[in-house]
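A.B. asks: Have a look at this one.
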Amino acid sequence: MRLQTKLFVSISLLFLLCFLLLEFFEHRMLKKSLDENVLGNLRHTAALLMTTRSVLQERIVASTDRQTFDPADFLPASIFTEVSRKLGVGEGDGLIFRRVSDFPHHAGNQADLAELEAIAHFRQFPEARDRLTLLRGANGGDYFFYSVSLRFDSYCRNCHVPAPEHRLATESAAAAADPWQVGRIAGILSLKLPAEPAMERAAAAHGNTMVVHLVGFVLTFLLVHWLVQGAVIGKLTSLRHSAEAIAAGNYQARCAVQGRDELGELALTFNAMAVAVDERQQQLQRSELALDEQRNFLQMVIDGVADPILVIGRDYRVLLMNRAAEALRRPGTPAVLLCHELSHQADAPCGGTDHPCPLEEVCRTGQAVTVVHQHFDRQGAPRVMELRASPFTGEQGQVLGIIESSHDITERLRAEDRLRENEKNLKFLAYHDPLTTLANRLLFHEQLQKSLARARRGGKSLAVLLLDLDRFKNINDSLGHQAGDRILQEIGARFRYWMRESDVVARLGGDEFAILLAPVQDYNHVAVFAQKLLSILSQPIPLENHEFTVTGSVGVSIFPTDAEDVESLMRFADAAMYRAKEHGRNNFQFYTPDMNARTHEFLLLEVALRKALEREELLLHFQPQIELASGALVGCEALLRWRHPEQGMITPANFIPLAEETGLIVPIGEWVLRSACRQARRWHQVSGVPVRVAVNISGRQFREADFVDRVDRILEETGLEPRYLELEITESVIMENVGKTIMTLTDLKMRGIFLSIDDFGTGYSSLSCLKQFPLDILKIDRSFVRDVTSDPNDAAIASSVIALAHSMGLKVTAEGIETPEQLQFLQLRGCDLGQGYLFSRPLAVGRAFRTQEGDFTI
């Protein structure tokens, strides 16, 4: 806003404020005068009426014929009419007066609401002389309401108390109970004067005064504004015009000096400044000419460089570029470019370890850097550029930006990629079988040599298996070599799918394959793997609308038991393979007679296990589960045992893996579940103790399609309620197929069956998946409980599992509690349940166990 406008508005507001204040006080004085005038007139009128009332009342009382008068209001009607006519009241201002009471002798003198309020006021404040208020009438108009209190005199009894006996009673009655007590306020003199005529006269007088004031204020305002305009605004306007001329480029413009006051001194200072600006401008023009010459020379130099060159400021703006960089600019780009807009066609600067920003690196280190980026050319095609960025410094050594040169290395990298790919293909062909893409004999020997060195250093064992397909020559002779090749490709694909990453499988030639297992745990591990290898191999292979079954013979040699070098291991495995062919093919043989004897024993054990169910050699032991807080018995875990007719009692660790591998675990697991449920039902019937039985479920058993139906059938057969059955599933099993596992567990949970994770902490379950399973209990593996009082790591793991389970609303069962110290540790951490030798060893059916409530017979 201009100064002239500000002055005009300020003076206008000041005069307006003064005018409003004057009118406000004028209005207050006018209202006060009006109230005093009206009050004085009404008091005069009231006094006149009161005097007239008193005189006439005495006359009426003195008259001997007062019984002939008809009382109306506070005077007889004839006298009232005469007073009204002679006074002339009501003809000019519309004054209305009445004598009213709240208990009148005549109905015409009944007080209205406003008059009743006035009567109450005088009775509350007896010392009050009169009262004036402004009221709104029924017709919507305002009127002044003036009232004077009327008190009951002694002569009033002549009319209002006509009966002599009543007058006597009244005179002797208590003053507070006598409505005709002398001096009591009996009513008021009511005067109502319309306010509109008086207010109109006052408003007219105030309007005339306001017009006079307004005219005076306007004339004074114009005079003051003219004086300010001439003394200040004119000189400031001249100074502004001079400043605008200099801003427009007229550095010769000057301001006229008028007088020696402050504005004159300001004009002198302005002229001195204009002279300095003129000299500075001329010097700047000379510097710009010299700078343009240097810039043009620099541009000619960098334009001669074939690679793109950019000078980039710290704000990523491109300050300078050569002709090669200009060629990268796409049509329609703005004149002021950011470096990433030119090179990457991106809105944000580059960053990250794979695409570092050279500007940020130079600013951080102060040194030149070389990075490789992907840029885009004028057509938007990607190009790989090698960027060399050097610091661009100022006079004080501060980094102002970078000088960046880029070199296109796209074709060089493509040539290097092609060379590496060719080398990779050549190396693959040199070390792999072209038909099956498995490792060849050369790669297998190298891998075996490296594995032998690692096994020697670590004291580990490894196994070499040689597999030869049985009667494969008949397939080539009958179906042709093309069909034989397809069968070999299928076998190679199966081996790649089933082998571990640490294992090596190779095709040595023809129908002979070699497998390296490293490391191996024991002979059983190798035997199980060899049996699995034969099972994989014997699966039907579809070929030309037919299915063919291929078998093989496997020979095994072990390091360091059999040999310690590559040649001997391969030779011994080959001898064992031929021994397998001699034993009827489709089997495996170890090299040494002792190992062959063990393998034979393993096979006999499998045959015996298949007959164990039929011969009723399997039995269950039960280990009690105790509530740690109370010591009460809450359940028992069913544990499988095998009473072999020749070897005696065999623990599960020696035959469960065999049952898993052969598939016998499914019928064995169903027998265990049925037997445990039947025993739990018997406990309920005999002892009446509601003990829950926990049964371990194998992975293969859990994955059966009709597993839930089998559980339902067993519960129905045994009559056990689902809430007394707890199914324990290992952590690794539930993580194999999360979606299917959730559906199966949900079906079991809906039946009321308890679900627990066995050996929790030994697997690799994801907590995000774990919380989706409808579980009830987590069982801490005994390996973590064993050292909780001595190993801080085990103590931390056990505490964390308990806290995790409780946060998910699950209970915790600790296995393997053997000492009171372990029990105390778990109790302090809030562990819910526990089992172990501290409470009881696994007991056979019929053995008694002492509980808190008494003995309990298993």
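A.B. asks: Determine which single condition ILE515 fails, assuming it passes every other condition in (1) exposed (fewer than 14 other Cβ atoms within 10 Å of the Cβ); (2) touching a helix residue (DSSP H, G or I) at 6+ places or on another chain (Cβ under 8 Å); (3) modelled with pLDDT of 85 or more.
C.D. replies: All conditions pass for ILE515, except number (1).
A.B. asks: Then there's this: So, of the residues in segment 629-661 that are touching a residue at least 60 places away in the same chain (Cβ under 8 Å) and loosely packed, with under 15 Cβ neighbours inside 10 Å, which turns out to be farthest from the chain's Cα centre (by Cα)?
C.D. replies: PRO657
A.B. asks: Select from segment 812-854 the residues that are open to solvent by 50 Å² or more (accessible area, probe 1.4 Å) and either in contact with a Leu (Cβ under 8 Å, 6 or more places away or on another chain) or modelled with pLDDT under 90 (or both) and list them in ascending order. First the steps, then the outcome.
C.D. replies: Looking only at segment 812-854, we keep the residues that are open to solvent by 50 Å² or more (accessible area, probe 1.4 Å), and these are 818, 820-821, 824, 827-829, 837-839, 841, 845-848, 850, 852-853.
If the condition is that a residue be open to solvent by 50 Å² or more (accessible area, probe 1.4 Å) and either in contact with a Leu (Cβ under 8 Å, 6 or more places away or on another chain) or modelled with pLDDT under 90 (or both), then GLU818, PRO820, GLN827, LEU838, VAL845, GLY846, ARG847, ALA848, ARG850, GLN852, GLU853 are the ones that fit.
A.B. asks: So which residues in segment 238-253 are in contact with a helix residue (DSSP H, G or I) (Cβ under 8 Å, 6 or more places away or on another chain), more than 12 Å from VAL277 (Cα to Cα) and of a type outside the set (Ser, Thr, Tyr), if there are any at all?
C.D. replies: Correct list: LEU239 only.
A.B. asks: Could I ask something else about it? Within the set of pairs 6 or more residues apart or between chains, which connect a residue that is under 13 Å from ASN587 (Cβ atoms) inside segment 530-548 to a residue that is loosely packed, with under 12 Cβ neighbours inside 10 Å with Cβ atoms less than 6 Å apart?
C.D. replies: Pairs found: SER538/THR549.
A.B. asks: So ARG678 passes all but one of these: (1) over 50 Å from the mean Cα position of the chain (by Cα); (2) touching a residue at least 40 places away in the same chain (Cβ under 8 Å); (3) open to solvent by 60 Å² or more (accessible area, probe 1.4 Å); (4) farther than 17 Å from ALA844 by Cα. Which condition number does it fail?
C.D. replies: Looking at each condition in turn, ARG678 falls short on (4).
A.B. asks: Test of understanding: among GLU547, GLU614, which residue is part of a strand (DSSP E or B) and out of contact with any strand residue (DSSP E or B) (no Cβ under 6 Å at 6 or more places or on another chain)? Please lay out each step first, then the result.
C.D. replies: Values: GLU614 fails: part of a strand (DSSP E or B).
Going through GLU547, GLU614 in turn, the sole match is GLU547.
A.B. asks: Could you please find all residues in segment 386-407 being closer than 21 Å to ASP307 by Cβ and either touching a Leu at 6+ places or on another chain (Cβ under 9 Å) or surrounded by 19 or more Cβ atoms within 10 Å (Cβ to Cβ) (or both)?
C.D. replies: Selection gives LEU387, ALA389, PRO391, PHE392, GLY401, ILE402, ILE403, GLU404, SER405, SER406, HIS407.
A.B. asks: Only one residue in LEU479, LEU465 is more than 54 Å from the chain's Cα centre (by Cα) and modelled with pLDDT of 90 or more. Which one?
C.D. replies: Matching residue, one of LEU479, LEU465: LEU465.
A.B. asks: Moving to a separate point now. With (1) in contact with a helix residue (DSSP H, G or I) (Cβ under 6 Å, 6 or more places away or on another chain); (2) closer than 30 Å to ASP565 by Cβ; (3) modelled with pLDDT under 85 as the list, and PHE428 as the residue in question, which single condition is left unmet?
C.D. replies: (1)
A.B. asks: Being part of a helix (DSSP H, G or I) and at pLDDT 90 or above is the filter; apply it to segment 743-768 and report the residue that is most open to solvent (accessible area, probe 1.4 Å).
C.D. replies: Going residue by residue through segment 743-768, those that are part of a helix (DSSP H, G or I) are 743-750, 767-768.
Then keep just the ones that are at pLDDT 90 or above; that gives 743-750.
On the way: MET743: 130, THR744: 22, LEU745: 1, THR746: 50, ASP747: 64, LEU748: 0, LYS749: 74, MET750: 151 Å².
Filtering first and then ranking leaves MET750.
A.B. asks: Would you check which residues across segment 561-573 are part of a helix (DSSP H, G or I), surrounded by 19 or more Cβ atoms within 10 Å (Cβ to Cβ) and not aromatic (Phe, Trp, Tyr) and list them?
C.D. replies: LEU569, MET570, ALA573
A.B. asks: Could you give every pair whose Cβ atoms fall below 9 Å, whose first residue belongs to segment 396-414 and is assigned to a loop (DSSP other than H, G, I, E, B), and whose second residue is open to solvent by 50 Å² or more (accessible area, probe 1.4 Å), counting only separations of at least 6 or pairs across chains?
C.D. replies: Cβ pairs passing all conditions: ILE409/VAL372; ILE409/ARG383; ILE409/GLU386.
A.B. asks: Have a look at VAL711, VAL733 and point out the one that is touching a helix residue (DSSP H, G or I) at 6+ places or on another chain (Cβ under 8 Å), in a helix (DSSP H, G or I) and at pLDDT 95 or above.
C.D. replies: The match here is VAL711.
A.B. asks: In segment 607-620, what residues are open to solvent by 30 Å² or more (accessible area, probe 1.4 Å) and not hydrophobic (A, V, I, L, M, F, W, C)?
C.D. replies: ARG610, LYS611, GLU614, ARG615, GLU616
A.B. asks: Name the residues in segment 454-480 that are within 30 Å of ASP565 (Cα to Cα), open to solvent by 90 Å² or more (accessible area, probe 1.4 Å) and not in a helix (DSSP H, G or I), would you?
C.D. replies: LYS460
A.B. asks: Something else: Can you pull out every residue in segment 769-810 that is part of a helix (DSSP H, G or I), closer than 16 Å to ASP759 by Cα and either of a type in the set (S, T, N, Q) or within 27 Å of the chain's Cα centre (by Cα) (or both)?
C.D. replies: Scanning segment 769-810 gives LEU770, SER783, SER799, SER800, VAL801, LEU804, ALA805.
A.B. asks: How do the pairs read when you match residues in segment 430-446 that are open to solvent by 30 Å² or more (accessible area, probe 1.4 Å) with residues anywhere that are among the polar types (S, T, N, Q), using Cβ under 7 Å and keeping only pairs 6 or more apart or on different chains?
C.D. replies: What qualifies is TYR431/ASN440; HIS432/ASN440; LEU435/GLN489.
A.B. asks: Could you say whether any residue in segment 696-706 is without any contact (Cβ under 8 Å) to a residue 24 or more places away in the chain, of a type in the set (A, V, I, L, M, F, W, C) and under 30 Å from ALA527 (Cβ atoms)?
C.D. replies: Yes, some residue in segment 696-706 is without any contact (Cβ under 8 Å) to a residue 24 or more places away in the chain, of a type in the set (A, V, I, L, M, F, W, C) and under 30 Å from ALA527 (Cβ atoms).
A.B. asks: If I filter segment 327-347 for residues that are out of contact with any Pro (no Cβ under 6 Å at 6 or more places or on another chain), without any contact (Cβ under 8 Å) to a residue 24 or more places away in the chain and in a helix (DSSP H, G or I), do I get at least one hit?
C.D. replies: Within segment 327-347, one or more residues are out of contact with any Pro (no Cβ under 6 Å at 6 or more places or on another chain), without any contact (Cβ under 8 Å) to a residue 24 or more places away in the chain and in a helix (DSSP H, G or I).
A.B. asks: On to the next question. So, of the residues in segment 112-126 that are of a type in the set (A, V, I, L, M, F, W, C) and in contact with a Ser or Thr (Cβ under 6 Å, 6 or more places away or on another chain), which turns out to be surrounded by the most Cβ atoms within 10 Å (Cβ to Cβ)?
C.D. replies: Looking at the filtered set, the residue picked out is ALA118.
A.B. asks: Determine whether segment 247-266 contains at least one residue that is open to solvent by less than 60 Å² (accessible area, probe 1.4 Å), over 30 Å from GLU404 (Cβ atoms), at pLDDT below 75 and part of a helix (DSSP H, G or I).
C.D. replies: Taking every residue of segment 247-266 in turn, at least one turns out to be open to solvent by less than 60 Å² (accessible area, probe 1.4 Å), over 30 Å from GLU404 (Cβ atoms), at pLDDT below 75 and part of a helix (DSSP H, G or I).
A.B. asks: Search segment 364-387 for residues that are farther than 15 Å from LEU413 by Cβ and pair each with any residue that is of a type in the set (S, T, N, Q) when their beta-carbon atoms are under 6 Å apart and the residues are at least 6 apart or on different chains.
C.D. replies: Close Cβ pairs (under 6 Å, with a partner that is of a type in the set (S, T, N, Q)) amount to ALA368/SER390; PHE376/GLN345.
A.B. asks: Based on what the data block shows, is GLY207 in a helix (DSSP H, G or I), loosely packed, with under 14 Cβ neighbours inside 10 Å and either under 60 Å from the mean Cα position of the chain (by Cα) or modelled with pLDDT under 70 (or both)?
C.D. replies: Yes.
A.B. asks: Here's another thing I want to ask about it. Being farther than 30 Å from LEU604 by Cβ and buried (at least 18 other Cβ atoms within 10 Å of the Cβ) narrows it down to one residue among ALA483, ALA506; which is it?
C.D. replies: ALA506
Each row is one residue, and each column tells you yes or no for (1) aromatic (Phe, Trp, Tyr); (2) modelled with pLDDT of 70 or more; (3) open to solvent by 30 Å² or more (accessible area, probe 1.4 Å); (4) part of a helix (DSSP H, G or I).
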site	(1), (2), (3), (4)
LEU22	no, yes, yes, yes
ARG28	no, yes, yes, yes
SER33	no, yes, yes, yes
LEU42	no, yes, no, yes
MET50	no, yes, yes, yes
GLN57	no, no, no, yes
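A.B. asks: Something else about it: Collect the residues in segment 682-691 that are in contact (Cβ under 8 Å) with a residue 40 or more places away in the chain and within 50 Å of the chain's Cα centre (by Cα), keeping them in residue-number order.
C.D. replies: Answer for segment 682-691, where residues must be in contact (Cβ under 8 Å) with a residue 40 or more places away in the chain and within 50 Å of the chain's Cα centre (by Cα): VAL689, VAL691.
The values are calculated or read from the model by the stated rules, or taken from the named source; none is laboratory data. Everything numeric here is computed off the predicted structure, so don't read it as measured data. Note: ideal-geometry Cβ built from the backbone for every residue, glycine included; neighbour counts use all protein chains shown. For accessibility, only protein heavy atoms count, side chains too; no ligands or nucleic acids. Shrake-Rupley method; radii C 1.70, N 1.55, O 1.52, S 1.80 Å.
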